[in-house]
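Peer 1: After the structure tokens below, expect a handful of questions from me.
The values are calculated or read from the model by the stated rules, or taken from the named source; none is laboratory data. As the structure is a prediction and not an experimental result, all values here were calculated from the model. Note that each Cβ is placed from the backbone with ideal geometry, even for glycine, and that neighbours are counted across all protein chains shown.
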Amino acid sequence: MIPPKMKALVVTGEKTIEVQEFSVPQPAPGEILIRLEHCLICTWEQRIFQNGDGMKMPFLPGHEASGVVAWVPEGTPTSFREGDPVVVKTLDSCGHCEFCYRGLDNQCVGTPKKRFYDGVPGSGGMAQYIALPVSRVFPLPDPNCDLREAAFAEPVACCLRSLEQADLQFGEDVVIVGGGIMGQLHNVLAKKRGTRTILVEMDPARAALATRMGADEIVDPSACDPILRIKELTCGRGANVVFITAPIPQLAELYLDALDKVGRIVYYTSFSPNTPISISPKSLHYSEKKIMGSYSPTSQGFYTAARLLGRRIIDVRPFLTETYPMSEAYTAFTRSMSAETLRVGIDLWK
């Protein structure tokens with residue numbers, strides 16, 4: 001039975017987060033109701049918690065979430081059934097602009113639906129229930145899969161888009177700059193694509209974790225010249241692919257020199273500050289190096305991520321550092337910003 005009220009986490013001001021009560025959302029035509037179980041704290045939620053990140057307060061955050069189908073309204077065309085485990089895409093796209101039609105809904109230029117909870121705006125992943133269009137809900141292949149692991153679907157889908165941009169090939173040398181959660185996920189996924197991975201990271205704990213998760217080489221940029229070391233590891237050629245997952249503008253320029261001819265560099269992260277870099281067009285002309293960005297996940301990536309996690313084809317358990325009940329949200333958010341953690345989760349029913 002669906003209750004009339006639910007609990008949700010709401011950021012009400014700078015470094016202020018509260019558990020509040022809201023009406024359970026009612027699905028519109030074509031939508032179904034999801035009982036959310038777990039939500040992870042991303043850097044976006046961290047910025048909202050710290051300084052608002054330009055959002056109107058109060059705001060109900062959360063977008064890395066998993067749960068089960070709670071209600072399928074009569075007449076809704078779908079194969080979903082109540083109790084099905086799912087992951088959800090809470091950051092909407094319009095569905096009918098040029099990019100959505102091309103399957104590039106991460107680049108949507110239309111006007112997506114806004115979501116409100118008793119007048120409070122939000123992405124909704126940190127509420128106990130959410131109503132979403134069927135197209136924003138993705139099935140997990142195993143009814144007994146771990147929903148805490150499944151909550152990683154959004155960041156995994158983001159990284160899948162990055163790997164898609166790079167078009168990894170078997171046997172290639174792949175450099176991953178940064179050993180945070182996104183660098184770790186890039187490492188795990190790149191290994192599944194049959195590549196040799198070289199992680200650039202100075203933190204010993206993160207470097208050790210990446211090694212346990214399959215990284216072939218670690219380069220500590222505080223102990224050596226990282227570009228020279230990458231050249232040494234690749235017999236003087238340079239890497240086939242470089243992923244920049246650390247948001248430091250200088251790295252975007254520096255690691256162009258780590259690429260072999262016809263190499264590809266993917267700027268995965270959102271750089272801050274947004275400092276321009278210098279690029280030699282003549283060098284690009286002769287070397288045919290490719291520079292590209294990667295932003296947000298596509299719906300196809302979400303579907304693939306759900307299968308990878310639901311079947312445990314990739315193991316994300318080492319990346320969930322800590323989990324807290326809603327009542328300890330302040331501690332959870334504070335801990336999520338510590339260098340000691342990778343992902344911190346919220347149990348929405350505890």
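Peer 1: Within region 128-141, take every residue that is over 18 Å from Ala157 (Cβ atoms) and touching a Lys or Arg at 6+ places or on another chain (Cβ under 7 Å) and give me the one that is surrounded by the most Cβ atoms within 10 Å (Cβ to Cβ).
Peer 2: Per the criteria, the residue is Tyr129.
Peer 1: Picking from Gly301, Gly263, Gly293, which residue would you name as being under 25 Å from the mean Cα position of the chain (by Cα), free of Cβ contacts under 8 Å to residues at least 60 places away in the same chain and closer than 15 Å to Asp167 by Cβ?
Peer 2: Gly263
Peer 1: Next question. In region 313-334, which residues are over 18 Å from the mean Cα position of the chain (by Cα) and not small (Gly, Ala, Ser)?
Peer 2: Tyr324, Pro325, Met326, Glu328, Tyr330, Thr331, Thr334
Peer 1: Out of region 97-144, which residues are among the β-branched types (Val, Ile, Thr) and in a strand (DSSP E or B)?
Peer 2: Val120, Ile130, Val137
Peer 1: Considering (1) in contact with a Phe, Trp or Tyr (Cβ under 9 Å, 6 or more places away or on another chain); (2) hydrophobic (A, V, I, L, M, F, W, C); (3) free of Cβ contacts under 8 Å to residues at least 60 places away in the same chain, say which one Ile41 fails and leave the rest.
Peer 2: (3)
Peer 1: Sort through Thr334, Thr304 and tell me the only one that's touching a helix residue (DSSP H, G or I) at 6+ places or on another chain (Cβ under 7 Å) and either closer than 20 Å to Val266 by Cβ or modelled with pLDDT of 95 or more (or both).
Peer 2: Step by step, each of Thr334, Thr304 is checked, and only Thr304 is touching a helix residue (DSSP H, G or I) at 6+ places or on another chain (Cβ under 7 Å) and either closer than 20 Å to Val266 by Cβ or modelled with pLDDT of 95 or more (or both).
Peer 1: Is it true that some residue in region 103-113 is touching a strand residue (DSSP E or B) at 6+ places or on another chain (Cβ under 6 Å) and surrounded by 14 or more Cβ atoms within 10 Å (Cβ to Cβ)?
Peer 2: No, that holds for no residue.
Peer 1: Restricting to region 190-209, name every residue that is surrounded by fewer than 23 Cβ atoms within 10 Å (Cβ to Cβ), closer than 20 Å to Tyr268 by Cβ and of a type in the set (A, V, I, L, M, F, W, C).
Peer 2: Hits for region 190-209 are Met202, Ala207, Leu209.
Peer 1: Let me ask you something else. Across region 13-54, what is the number of residues that are loosely packed, with under 14 Cβ neighbours inside 10 Å and among the hydroxyl-bearing types (Ser, Thr, Tyr)?
Peer 2: Going through region 13-54 one residue at a time, the tally reaches 2.
Peer 1: Can you find a residue in region 338-349 that is of a type in the set (S, T, N, Q) and within 22 Å of the chain's Cα centre (by Cα)? Walk me through how you get there before you give the answer.
Peer 2: Going residue by residue through region 338-349, those that are of a type in the set (S, T, N, Q) are 338, 341.
In the following step, the residues that additionally are within 22 Å of the chain's Cα centre (by Cα) were identified as 338, 341.
So far as region 338-349 goes, yes, one or more of its residues are of a type in the set (S, T, N, Q) and within 22 Å of the chain's Cα centre (by Cα).
Peer 1: Within region 312-334, track down each residue that is in a helix (DSSP H, G or I) and in contact with a Gly (Cβ under 9 Å, 6 or more places away or on another chain).
Peer 2: Once the filter is applied, which keeps residues that are in a helix (DSSP H, G or I) and in contact with a Gly (Cβ under 9 Å, 6 or more places away or on another chain), region 312-334 yields only Ala332.
One line per residue, one yes/no per condition, for (1) under 17 Å from Phe152 (Cβ atoms); (2) without any contact (Cβ under 8 Å) to a residue 60 or more places away in the chain; (3) not acidic (Asp, Glu); (4) not assigned by TED's automatic domain parsing to the domain that holds Thr321:
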residue	(1), (2), (3), (4)
Gly171	no, yes, yes, yes
Val174	no, no, yes, yes
Val177	no, no, yes, yes
Gly180	yes, no, yes, yes
Arg212	no, no, yes, yes
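Peer 1: Hey, any hits in region 139-149 for a residue that's modelled with pLDDT of 95 or more, within 30 Å of Asp257 (Cβ to Cβ) and touching a helix residue (DSSP H, G or I) at 6+ places or on another chain (Cβ under 8 Å)?
Peer 2: no
Peer 1: Just give me the residues in region 55-75 being at pLDDT below 95 and either surrounded by 23 or more Cβ atoms within 10 Å (Cβ to Cβ) or over 23 Å from Glu21 (Cβ atoms) (or both), in sequence order.
Peer 2: Glu74, Gly75, listed by residue number.
Peer 1: Another question, if that's okay. Of all the residues that make up region 212-236, how many are surrounded by 16 or more Cβ atoms within 10 Å (Cβ to Cβ), in a loop (DSSP other than H, G, I, E, B) and among the aliphatic types (A, V, I, L, M)?
Peer 2: 2
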